[in-house]
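The values are calculated or read from the model by the stated rules, or taken from the named source; none is laboratory data. Note that the coordinates shown come from a computational prediction; the quantities given were computed from them, not determined experimentally. Cβ coordinates were reconstructed from backbone atoms using ideal geometry, including for glycine residues, and neighbour counts include every protein chain displayed. The area values use the complete protein model at the heavy-atom level, side chains included, leaving out ligands, DNA and RNA. Shrake-Rupley method; radii C 1.70, N 1.55, O 1.52, S 1.80 Å.
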Amino acid sequence: MDTLATTRSISSIDLMVRLGREKGLSVAQCLQGTGISAHQLEDPECRVTGAQELQVIDNLVTLLPEASGLGIEAGTRYQLTTFGIWAFAIISSPTVRAAIEVGLRFTQLSFVLVRFAFRETPGRAEILMDVSHIPPRLRQFVLERHLVIFLLLSREMMGDELMAPKEIHLTLDHLPFKVMPAALTNCRLVLGSEDNRIVLDPSQLSRAIPKANPATAEFCVRQCEALLDRQRRQTGFPSEVRSMLIGRVADMPSLNEAASLFGMSPRTFRRRLEEQGSGYRALMEEIREGVAIELLETAGLSVESVAERLGYAETASFIHAFTRWTGMSPGKFRRR
């Protein structure tokens, strides 16, 4: 699974922006380069990609170079309810092994950036964490955050003592916990390792989960399947078209030209979008609005410059369009 291309709720980014603000950063600084506007943070229905979430992490790491344990701080802000139905599917599973399988099966519904895998051999059970696709300077934050979230889910599922890992191997040189979590006090921690993995006692895999409930587990899995199916449909062909439009924001192709770029007839191109509940004009408007807000809020460009970069021949036309998108003029939007 490409964890950077998958979409997820904006709530995880909202949590990290709040962390950044507490450290003295502005919302615009936290969101720089993401294409996300401040008002989108307040929209629980807003979907973002893993790549956009990683950009927020990049901003925090870059702008707060002296801060230690940022990933740990971020991880402690997540609650079971933050993960929604995915977390409840895990803790209502019948056994630890089943919970791990459900968690991995539906990771696309979480805020995972690491590529997780599970490996079980005689006498050994390991959860592998691949970060080879994450820029090296961001791996400290990402691994810290994911480790804290793993401990959260483990504690909610079984308690610190029962789910305490036997070993944790990390490529990191240090793990700056202010207070070592109870689950790690008797754990063998190997830093500077060649890979990242959490080693569990295989005898624990068949243990029943205290909060297990067959009816709840079945319901949660059905809901996860439905959400995953909906998500896959939303991130299919329209996502490819969005990527193309972002790269041509100043000179967006007509529908016929776009269809040609994808090797399709205009009719087929239009039908492919309609099948996934989208339309070409709506996608163009969505991209223009997002880029316009980014340039006004983050880049601080003048209204005239934004209009020019979006390909508008007249500033007045851009102002009219922006007012239609957001309900306010660019000037009023910037002053709000």
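Quick look at the numbers
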read-out	value
Gained length - Ser68 relative to Glu240, 0.36 nm times residue gap less alpha-carbon distance	58.2 nm
Gap separating the Cα centres of the stretch 168-204 and the stretch 69-113, nearest whole Å	18 Å
The chain - Kirkwood radius from inverse mean 1/r over Cα pairs (Å)	22.0 Å
Relative contact order (%) - the stretch 137-248, alpha-carbon pairs under 8 angstrom, separation at least six	23 percent
Computed accessible area, Phe141, all protein chains, 1.4 angstrom probe, square angstrom	10 Å²
Paramagnetic reach from Leu227 in the stretch 114-157 [backbone N under 18 Å; point 7 Å along Cα→Cβ]	114, 116, 149-150, 152-154, 156-157
Simple Cβ-charge dipole of the stretch 10-89, Lys/Arg +1 and Asp/Glu -1, about Cα centre, in debye nearest 20	80 debye
At q = 0.14 Å⁻¹, base-10 log of I(q)/I(0) for the stretch 173-332 (Debye sum, equal scatterers on each alpha carbon)	-0.86
Theoretical FRET efficiency, 1/(1+(r/R0)^6), r = Cβ-Cβ of Arg18 and Met264, R0 45 Å, to 0.05	0.55
Residues with amide H under 5 Å from that of Arg115, placed H, sequence gap 5 or more	Asp130
Share, in percent, of DSSP beta bridges within the stretch 116-250 that are antiparallel, nearest 5	80 percent
Spin-label model distance (nm) - Thr121 vs Glu274, 7 Å beyond Cα toward Cβ	5.5 nm
In order through the stretch 59-68: 3J(HN,Hα) via Karplus (6.51 cos²θ - 1.76 cosθ + 1.60), integer Hz, x for Gly, Pro	4, 5, 5, 6, 8, 10, x, 8, 6, 10
1.4 Å probe accessible area per residue over the stretch 122-209, in Å²	46 Å²
Dmax and Rg, reported as Rg then Dmax, of the stretch 1-134 (C-alpha, Å)	16.1, 52
Förster radius 56 Å - calculated FRET efficiency between Ser132 and Arg335 (Cβ-Cβ, nearest 0.05)	0.80
Overall form of the stretch 112-233 per C-alpha gyration tensor (a/c, 1.5; a/b vs b/c)	oblate
P(r) weight above 17 Å for the stretch 288-336, C-alpha pairs, percent	17 percent
